[in-house]
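One structure is given here, and the rest of the page talks about it.
The values are calculated or read from the model by the stated rules, or taken from the named source; none is laboratory data. Just so it is clear, the model here is predicted, and its values are computed rather than measured. With ideal geometry, Cβ positions are generated from the backbone for all residues, glycine too; neighbour counts draw on all protein chains shown. Quick note on the areas: whole protein, heavy atoms, side chains included, nothing else; ligands and nucleic acids left out. Shrake-Rupley method; radii C 1.70, N 1.55, O 1.52, S 1.80 Å.
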Amino acid sequence: MTLVIEKTRTKPAALTLGAASDKIWQLREDKRELDKKVKAVETEITTLTESIFEMLDAQDTRKAEGKKASVSVNFTEVGNVTDWAAFWPYVAKNKFFHLIQKRVSDPGLRELWALGKKTPGVVPFTKRSLSITSL
């Protein structure tokens, strides 16, 4: 696990390096336990959502209401690219770059840089992180 620490954060109470290492390890272990619980809840939500969709479809309705909440089916049209080889030239030819989310691939950039390639508009940035290992 790698944690990225911003330089602008305030420092915790004075601890020795050993005590700080042990504390961050314990916090990571606590987080892992919480993550397990979150994953279990997310799984239950997914299962229940599927069940609700099935019940709504069976009753030919798009809404339902309980004592604490109501549910309704919403529809949003999204794209699913099935032929990237056809899509990319279309984007480039028409300059429809707004169809692409603005995010670069770090592994892809590192590969280009290792080959000595220049990437206009992109500069290398070394992100500092802390690796935590159980003993």
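Brief remarks on what is shown
- Surface exposure of the stretch 51-103, expressed per residue as accessible area with a 1.4 Å probe, stands at 103 Å².
- Cα convex hull volume per residue for the chain (Å³): 272 Å³
- For the chain, calculated [θ]222 nm from helices alone, where every DSSP H run of n ≥ 4 adds -39500 (n - 2.57): -16000 deg cm²/dmol
- Pairs spanning more than 26 Å between alpha-carbon atoms, out of Lys93/Lys117; Lys95/Lys127; Lys93/Lys118; Lys39/Lys68: Lys95/Lys127.
- Taking 7 Å steps out from each Cα toward its Cβ at Ala64 and Ala92 produces label points 4.9 nm apart.
- The stretch 106-130 and the stretch 27-54 have Cα centres lying 35 Å from one another.
- Here the chain is assigned +1 on the Cβ of each Lys and Arg and -1 on the Cβ of each Asp and Glu. Its dipole about the Cα centre then comes out at about 1020 debye.
- Here the accessible area of the chain is 58 percent carbon and sulfur, with a 1.4 angstrom probe and all protein chains present.
- Here's the picture: charge each Lys and Arg Cβ at +1 and each Asp and Glu Cβ at -1 in the chain, and of Val73, Thr119, Thr43 the one pushed furthest to the positive end of that dipole is Thr119.
- Segment Val73..Glu33, full-extension length gain: 11.1 nm, with 0.36 nm per residue of separation and the alpha-carbon distance subtracted.
- When nucleic acids and ligands are ignored and a 1.4 Å probe is applied, Phe97 ends up with an accessible area of around 120 Å².
- Average projected area [Cα convex hull, the stretch 29-80], square nanometres: 5.9 nm²
- Reachable aspartates and glutamates, given that their alpha-carbon falls under 16 Å from the alpha-carbon of Lys37 and they are not under 8 places away in the same chain: Glu29
- If R0 is taken as 25 Å, the Cβ-Cβ distance between Asn80 and Thr46 corresponds to a FRET efficiency of 0.80.
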